[in-house]
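Before I ask anything, let me first share the structure, which is written out below as structure tokens.
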Amino acid sequence: MGKENVLIVDDDEIYLYLIQRVLRELSNGVEIYTSTDGEQALDFIRKCDEDKQLAPKVILLDVNMPFLDGWGFLDEFKKLKVNFDDKIFIYLVTSSEMPADKKRALEYEELTGYIVKPISEKKLSGMLTEVFSEMRTQ
Amino acid sequence: MWRKFFKIFTLLYIPLLVLSIILGVVQKKEQYLNLEEIEKRGVAYKKNFLSDLCNSLIYSTQYWSNIEYPVGFNTSKNRSRFIGPYINFINGFTDYDQFRFIDVNGREFVRYERKRGGDMVRGMLQDKSDRDYVINGLKLKKGQIYLTSIDLNKENGVYERPYKPVLRGIAPIFDSTDKKIGVVVINFKMTRILSLLKSQISNSNFYLIDDDYNIITSNTTSLDLGYKLKNDSEEVLEKFSLNIEGFANHESSFIEKNSLWTFENFSLENTLSKLGGNLKSQPEVISSSNWIIVHEIYPKLLKKTLGHVYNEFVIFNCFAILTLAIIAFTFVKSREREGQFYVELQEKNNSLEKNKEQLQITNNKIKEINTRLKVRNNQLKEFNYLVCHNLRAPVTSMSIIVDMIKKEDNIDNVRTLLPKLIDVSTSVTVLTEDIREYVTILEQNEVVIESIELNDQIALIKNDFPETLLGDFNVILELEAWNVINFSKFYLKSVIQNLLSNAIKYKKDDVDSHIIFSTKIEDSRKVLYVKDNGRGIDLDRHGENMFKLYKRFHRNTSGKGMGLFLVKSQLEALNAQISVESIVGKGTTFKIKF
């Protein structure tokens, strides 16, 4: 079982700060990485391909971001064909409740879940517990 | 209408009238020919009849000439014994009025006269040596017969009353030694023969006239040979002759004095030759009488006979006039109704055309409204997104910070959260300002449309960018197609500013950068192309987000991703559209359709 790394991809820096604080409070062992757009996140994934220790188990992916948005990241992620030991749980975290976005999300097999902002501490805690317990059973 | 009616009626009737006149003339001619034929037959019949009657007279006269009389018959007192057996024979010939033998000296030696009782009786012998018929008769040779003209009988130089038309047949007589002993003179009473001739076989008038056209007998006169008495003041004047030139000049039938005349000449001398040459002892007839047998269809009868032709002509024309008048009237009425129908149809068509045009205008308006509604709908979606996404994020952050502050006992930790709260507050303020700007565009209430000269506007905006003044960035104008546009000066300025700003912001460093503003007219609409030679953008990757809010596609450049969103919103607010074409590394072209 690898390290419990989490990658948060969001252009809202306040949100990034806050979510890191919450995650750390929930689990001291969690290693948190952040990217402010899709391109940065892709660069990090490429880096993980070289150094498997960095590989995230969970990606919290915002949709609306500059340069490369969440959908763009997913499209490029598919093309990367990285080979990690464990499955990566990717959650789409967005403030959009539009049916078109939800429908589009179903088209991506890589996605584990669709979380509508605001993401509360409770919701985040539940999600991480679920993810990590599943990881441990693998 | 009536003028058309008379025109059509005349056009139809004139050919029929001409045809009916031609037919009438032909029919009339045929009728004349028929009448002529009938009359010719009638005249021929009369001629044959007269010929037969005259032949009987001739043969009756010849009979006496053929007898061999005893020698001295003219002087013997015993001649009564010879003539006795013939008395009954003479009596039997009712046409015999007088029967006489006259010797070569012109004196009668036998004379029988028919008395009123009907029998032939002896009469007083007279000397007739001075009479023409006796003189001519005594000149006759054997086999010759002399017939006088018809005359009224005179006794002792006075016309016998009642008037008695007679014709004398004279033939020489010979004794058994073939010595001429005189002549036999028979006065034929012509009353019966003339009556038979006059008897009606048709309604036409009959005349038997002589060479001088004097009437011998006619069914139009009561008196035969009236012309003989024309100087007799005691007689009532009647028509005695026919003053008709046609008998000399025309064929056997002609029209004169409105009468149809048909005639045939009749000569006593030629009567026997008509019978043919079968008789052995055919006499030679000598006569100065030439008659003309005439039939006249008098004007009234002619008119009556041809009347049905006129009647048929009149009836046909009346019927034609009535029928053609109805046809012409119906036709004109029908054309009039047809005309009215077409006028109404045209009016309806015009009305439909107007309605169609109106409908087209309405449709266009509806389309325009639909387009505007779509645009507005998209704008509202953008607004919804603006509020939902961009407001929800700081609010969520604020909520998390507040929750953290509530739970945090350590004041130092709380202090670390406060700057983040200020950041959230600032971002909300910025967002609120952006929303206000966007709502202002959506409202459009303060937009003033005015005529703008594009070159002047670009020149003014250019001055706001130092790069264009220093020559680092060229602004090229190609505004030949159009230069003036009715638009909001504020929005147009914003659009040009944003596009020029982006072109400068994303210019390439290794080339002489420029932007070209060029105008075109496409599909009757004014189009502005804004083309730069900058870095360009991958439209496959970013195309759908190109004009969306807070979208940024290049690192290391300032901007919050609001410019193109505002450009699109401002253009669409005034029914203009913007589209983009771009090649990475080559440049970008925006097309604005006003």
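The values are calculated or read from the model by the stated rules, or taken from the named source; none is laboratory data. Please read these numbers as outputs of a predicted model, since none were measured by experiment. In this analysis, Cβ positions are derived from the backbone assuming ideal geometry, glycine residues included, and neighbour counts consider all displayed protein chains. Note: accessible area is taken over every heavy atom of the protein model, side chains too, but ligands, DNA and RNA are not part of it. Shrake-Rupley method; radii C 1.70, N 1.55, O 1.52, S 1.80 Å.
So what are the radius of gyration and Dmax for the Cα set of chain B, in Å?
Calculated on Cα positions, Rg and Dmax stand at 71.4, 218 Å.
If the cut-off is 27 Å between C-alpha atoms, which lysines fall inside it for A:Lys79, apart from same-chain ones fewer than 8 positions away?
Once the sequence-local lysines are set aside, what remains near A:Lys79 is A:Lys3, A:Lys47, A:Lys52, A:Lys57, A:Lys87, A:Lys102, A:Lys103, B:Lys548, B:Lys551, B:Lys586.
Along the Cα-to-C-beta direction of B:Asn474, a point sits 7 Å from the Cα; which residues of region B:562-594 have their amide N less than 20 Å from that point?
Hits in region B:562-594 for B:Asn474 at 20 Å: B:585-590.
In region B:40-126, which trypsin sites (Lys or Arg not before Pro) are in a loop and have at most 14 other Cβ atoms within 10 Å, using DSSP for the loop call?
When the trypsin sites (Lys or Arg not before Pro) of region B:40-126 are filtered for loop state and at most 14 Cβ neighbours within 10 Å, B:Lys77, B:Lys115, B:Arg116 remain.
A further question follows. Below 8 Å between Cα atoms, with a sequence gap of 6+, how large is the relative contact order for region B:61-189 in percent?
Reported as a whole number, the value is 33 percent.
If the cut-off is 18 Å between C-alpha atoms, which lysines fall inside it for B:Lys520, apart from same-chain ones fewer than 8 positions away?
Answer for B:Lys520, where 18 Å is the Cα cut-off: B:Lys531, B:Lys591, B:Lys593, listed by chain and number.
Oh, and also: What are the residues whose amide H is under 5 Å from the amide H of A:Thr34, where those residues sit 5 or more places off or on another chain and H is modelled from the backbone?
Distant-sequence amide H within range of A:Thr34: A:Ile8.
So how do B:Val183, B:Val439 rank on accessible area, 1.4 Å probe, biggest first, that is with the largest at the start?
So, going from the largest accessible area down, we get B:Val439, B:Val183.
Which stretch or stretches of region B:1-42 have amide N atoms under 20 Å from the point lying 7 Å from B:Phe331's Cα along the Cα→Cβ direction?
B:1-21
Now, a different point. If the cut-off is a Cα-Cα distance under 19 Å, which aspartates and glutamates reach B:Lys507, setting aside same-chain residues fewer than 8 apart in sequence?
B:Asp464, B:Glu467, B:Asp472, B:Asp532, B:Asp538, B:Glu581
Quick one: pull the percentage of alpha-carbon pairs in region A:5-137 with a separation above 19 Å.
46
When the label point is put 7 Å from the Cα of B:Lys407 along its Cα-to-beta-carbon vector, which residues of region A:98-128 have a backbone N closer than 17 Å?
Counting backbone N atoms under 17 Å from the label point, the list is A:118-128.
Okay, next question. Run the simple label-point estimate for B:Thr426 and A:Thr129 please: 7 Å along Cα→C-beta, distance reported in nm.
3.8
Here is a follow-up. What is the average number of partner chain Cβ atoms found within 10 Å of a Cβ in A:9-16?
Neighbouring Cβ atoms belonging to other protein chains average 5 per residue here.
Just to confirm a number: summing +1 for Lys and Arg and -1 for Asp and Glu over residues other than B:Lys493 whose beta-carbon lies under 14 angstrom from that of B:Lys493, what do you get?
Spelling it out: positives minus negatives among the neighbours equals -2.
Please calculate the 1.4 Å probe accessible area of B:Glu284, with all protein chains present, and give it to the nearest 10 Å².
100
Something else: State, in angstrom, two size descriptors of region B:446-593 derived from its alpha carbons: Rg to one decimal place and Dmax to the nearest whole number.
14.7, 43
What do you get for Rg/Rh over region B:61-189 if you use C-alpha atoms and the Kirkwood form of Rh?
With Rh from the inverse mean 1/r over Cα pairs, Rg/Rh is 0.94.
Please compute the net charge surrounding B:Leu417, taking Lys and Arg as +1 and Asp and Glu as -1 over other residues with Cβ under 12 Å from its Cβ.
Overall, the nearby charge balance is +1.
Could I ask something else about it? For B:Ile286, which sequence-distant residues (separation of 5 or more, or a different chain) have an amide H within less than 5 Å of its own amide H, given hydrogens modelled in the peptide plane?
B:Ile145, B:Tyr146, B:Leu147
Pop out the ³J(HN,Hα) list for region B:296-310 in order, Karplus 6.51 cos²θ - 1.76 cosθ + 1.60 with θ = phi - 60°, rounded to Hz; leave Gly and Pro as x.
10, 9, 5, x, 5, 5, 4, 5, 5, 5, 8, x, 5, 5, 5
Kirkwood hydrodynamic radius (Cα pairs, Å) of the protein assembly as shown?
It works out to 40.8 Å.
Once neighbouring chains are kept in place and the probe is 1.4 Å, which whole percent of the accessible area of chain B is contributed by carbon and sulfur?
Summing carbon and sulfur atoms, their accessible area is 53 percent of the total for chain B.
Let me ask something additional. Mind checking how much accessible area A and B bury in total, 1.4 Å probe, in Å² rounded to 100?
2500
Right, something else. For region B:446-593, what does the accessible surface come to per residue with a 1.4 Å probe? Please give it in Å².
Dividing the accessible area of region B:446-593 by its residue count gives 50 Å².
Pop out the ³J(HN,Hα) list for region A:96-105 in order, Karplus 6.51 cos²θ - 1.76 cosθ + 1.60 with θ = phi - 60°, rounded to Hz; leave Gly and Pro as x.
Karplus-based 3J(HN,Hα) across region A:96-105 equals 7, 10, 6, x, 4, 5, 5, 5, 5, 4 Hz.
Then there is this: Can you compute 3J(HN,Hα) from phi for each residue in region B:169-175, using the Karplus curve 6.51 cos²θ - 1.76 cosθ + 1.60 with θ = phi - 60°, rounded to whole Hz and x for Gly and Pro?
Taking θ as phi minus 60°, the curve returns x, 10, 9, x, 10, 10, 8 Hz for region B:169-175.
What number comes out for the charge environment of B:Leu140, summing +1 per Lys or Arg and -1 per Asp or Glu over other residues with Cβ under 10 Å away?
+3
Add -39500 (n - 2.57) for each DSSP H run of 4 or more in chain A, then divide by its residues: what number comes out at 222 nm, to the nearest 500 deg cm²/dmol?
Estimated from H runs of four or more residues: -14500 deg cm²/dmol.
Ok, one more. Set Lys and Arg Cβ to +1 and Asp and Glu Cβ to -1, take the dipole of the protein assembly as shown about its Cα centre, and tell me which of B:Leu421, B:Phe319, A:Thr112 lies farthest positive.
B:Phe319
What percent antiparallel are the DSSP beta bridges of the protein assembly as shown, to the nearest 5?
If we restrict to bridges inside the protein assembly as shown, about 70 percent are antiparallel.
Same structure, new question: Would you pull out the residues with amide H under 5 Å of B:Met190's amide H, same chain only if 5 or more places away, H placed 1.01 Å from N?
For B:Met190, the qualifying residues are B:Val166, B:Leu167.
Can you pull the one-decimal nm distance between simple spin-label points at B:Cys318 and A:Asp43, each 7 Å off the Cα toward Cβ?
12.2
I'd like the trypsin sites (Lys or Arg not before Pro) in region A:70-101 restricted to DSSP loop residues with at most 16 other Cβ atoms within 10 Å, sorted by number.
Counting only loop positions with at most 16 other Cβ atoms within 10 Å, the trypsin sites (Lys or Arg not before Pro) in region A:70-101 are A:Lys81, A:Lys87.
Plugging the Kirkwood radius over Cα pairs into Stokes-Einstein for region B:145-211, at a temperature of 25 °C and a viscosity of 0.890 mPa s, what D comes out in µm²/s?
In µm²/s, the coefficient rounds to 170.
Now for a separate question. How much accessible area per residue does region A:5-137 have, counting only protein heavy atoms and a probe of 1.4 Å, in square angstrom?
Per-residue value: 46 Å².
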